[in-house]
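Taking it in order: structure first as structure tokens, then the write-up.
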Amino acid sequence: MKQQPYFSVVEIKKKLERYCVYQERCHKEIAQKLKEFNLIEEAKNQLILHLLEHDFLNEERFSKSFASGKFRIKKWGKQRIIRELKLRDISEYNIKIALKEIDEEAYKQTIFEITAKKNGQLQESNFFKRKKKLTDFLYRKGYEYDLILATIQQVIEA
């Protein structure tokens, strides 16, 4: 059995600071990282408190960054972003703030663009099967059902 290396609390604190500086983190990710170090509960709480006090860990900043990044880069819809933030135990308040980072016009433009692109890639000639495939694709991306239907209508008619 491989013996796990031991770190002092100061070393762990530095590692966690670097971990948070590299990329925005949520409390759940930090708790997961702390499991690697086999610390007592009091030490874990002290480290999390230190990260919060020195602004290395900030749920609101994390959720804003997460939402805008996933929308811009992966073209996720709001429903998928909400689901992923809930999986990370982010509060409803922070989720609402994060969603305000997404511009409505950009949101509608993005769903239109990815729908048009996917429509061009589909080989399906049957109208209803094509519509179903587009709907499923956009639903997996996390877009709202009524917006999906309106966008598909717009793209197929164009």
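Structure summary
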item	result
Overall dimensions of segment 52-144 by Cα: Rg and Dmax, Å	15.9, 59
Rounded D (µm²/s) - segment 9-53, Kirkwood Rh over Cα pairs, Stokes-Einstein at 37 °C, 0.692 mPa s	314
Selection from LEU149, GLN109, LEU134, by position along the positive dipole direction of segment 104-157 (Cβ)	LEU134
Rounded to whole Å, sorted largest first: equivalent-ellipsoid semi-axes of the chain, Cα gyration tensor	43, 17, 12
For a label point 7 Å along the Cα-to-beta-carbon line of SER8, residues of segment 22-62 with backbone N under 19 Å	37-40, 43-44, 46-48, 50-51
Sequence-distant lysines (8 or more away, or on other chains) whose Cα lies within less than 17 Å of LYS78	LYS64, LYS70, LYS86, LYS96, LYS100, LYS108, LYS141
Cβ-based exposure ranking for SER8, SER65, in which fewest neighbours within 10 Å come first	SER8, SER65
Eligible lysines near LYS13 by straight Cα distance, threshold 21 Å, same-chain separation 8 or greater	LYS28, LYS33, LYS35, LYS44
In nm, spacing of pseudo-spin labels at LYS132 and GLU157 (7 Å Cα→C-beta vector)	2.4
Distance between modelled label sites at GLN79 and GLU60, nm, 7 Å Cα→Cβ extension	3.0
Extended-chain gain in nm, criterion 0.36 nm per residue less alpha-carbon gap, LEU87 and ALA150	19.8 nm
Relative contact order (%) - the chain, alpha-carbon pairs under 8 angstrom, separation at least six	22
Among LEU39, CYS26, LEU87 the positive-end extreme of the charge dipole of the chain (Cβ point charges)	LEU87
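Rule-based calculations on the coordinates, nothing more; no lab input. What you see is a predicted model, and the numbers here were worked out from it, not measured in a lab. FYI the Cβ positions are ideal-geometry reconstructions off the backbone, even for glycines, and counts take in every protein chain you see.
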